[in-house]
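K.L.:
Sharing a structure below in structure tokens format, with a few things to ask.
Bear in mind that the values in this text are calculations on the coordinates, not laboratory data. Because the structure is a prediction, the values reported are computed rather than measured. Reconstructed Cβ throughout: ideal geometry from the backbone, glycine too, with neighbour counts over all protein chains shown.
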Amino acid sequence: MVKRTGRPGYLQIADDLRQQISDGRLSPGQSLPSTARLREQYDVSAGVVKAAISVLRTEGLVIGQQGKGVFVRDQIDAKPTSVAAAPTAEAEVTTKQLTEVLAAVRDLGERVARIERAVFSERSQADRPGK
């Protein structure tokens, strides 16, 4: 069960599964329990379980096989993850999306600033005596 520690549930689950992999309770080639089973075990939603598995995937500890499940990766075959590692296609897509979001936020900020200038300019002119 996920504890109310302030640490997100998906990270608590990832920590627990990572510990099971490192101490051998989950060995290379072994499948992780199903999403439904993990939901029951940790008393969380499927989204939380999927986020935890995504963390382990990013770390290179597990690998998913469409329609078969998620399996513990043989750490000899796993690529070490480091800051200097080449960006993956997923990381490149995420970076592109973040860049687009930042541009949109910047554009919205400029639009709001123009609207505020127009509105406050009209109000200040209306407040002047004799107008």
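K.L.:
Per q in 0.14, 0.21, 0.25 Å⁻¹, report the Debye log10 I(q)/I(0) for region 1-80, using one uniform scatterer on each alpha carbon and no solvent.
P.N.:
Each listed q maps to, in turn, -0.42, -0.94, -1.28.
K.L.:
A follow-up question, please. Give me the net charge for the shell around Val55: Cβ to Cβ below 15 angstrom, other residues only, Lys and Arg +1, Asp and Glu -1.
P.N.:
Details: positive: Arg7, Arg18, Lys50, Arg57, Arg73; negative: Asp15, Asp16, Glu59, Glu90.
Summing Lys and Arg as +1 and Asp and Glu as -1 gives +1.
K.L.:
Then there's this: Give the calculated FRET efficiency between Arg111 and Ala91 to the nearest 0.05, with a Förster radius of 35 Å applied to their Cβ-Cβ distance.
P.N.:
On the way: r = 30 Å, r/R0 = 0.87.
Efficiency at R0 = 35 Å is approximately 0.70.
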